[in-house]
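See below for the structure under consideration.
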Amino acid sequence: GLQRRVPEGPAGKLTEAGRRWARGRSGTDQAAEDLARWGLDPALLPRRDEAFGLWPDAAEAVAAWDAASGQWRVVAVPGGLGPGRLVWLGLDAAGVRAALDLAGIAATAEIWDGLRASAAGAREALNG
């Protein structure tokens, strides 16, 4: 379907943050830890792209994403003769609202916009 182009700036950064979340490029580097645990040099890993930074005014939206990023609507699509797959539809609004309430984060219009931008990037990465 038609998709709205995500603007550059804070919303564009949050979209990219969602993509990186979905691809496992945030937090600790699990692969490097695993290599080190087995006595192997983490330099064997392919280089990742350069550091990624967010706008300072995105801090609240990132905290909201951290609280609500597990609230996805997902459907399983049968594969016929092959393996099926999951299709990530988007964040469940009721689940997000509950997660934000539990985290003590006000569900402002800016927070919802940031969550939608992050979810758009994550959905794109998760659905390939």
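Read-outs throughout are calculated quantities, based only on the coordinates presented, and are distinct from any laboratory measurement. Quantities reported herein were computed from a predicted structural model and do not represent experimental measurements. Note that each Cβ is placed from the backbone with ideal geometry, even for glycine, and that neighbours are counted across all protein chains shown.
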Worksheet item: For A94, what charge total do you get from the other residues with a beta carbon under 12 Å from its beta carbon, if Lys and Arg give +1 and Asp and Glu give -1?
Response: 0
Item to complete: Grab the Cα-Cα distance for A98 and E33, subtract it from 0.36 nm times how many residues apart they are, and report the gain in nm with one decimal.
Response: 20.0 nm
Response to the item:
So the pair-distance distribution of the range 47-114, from every Cα-Cα distance in 10 Å bins, comes to percents of 18, 35, 26, 17, 4
Discussion item. Can you give me the long-range amide H partners of G90? Hydrogens built in the peptide plane at 1.01 Å from N, cutoff under 5 Å, separation of 5 or more residues or another chain.
Written reply: R73
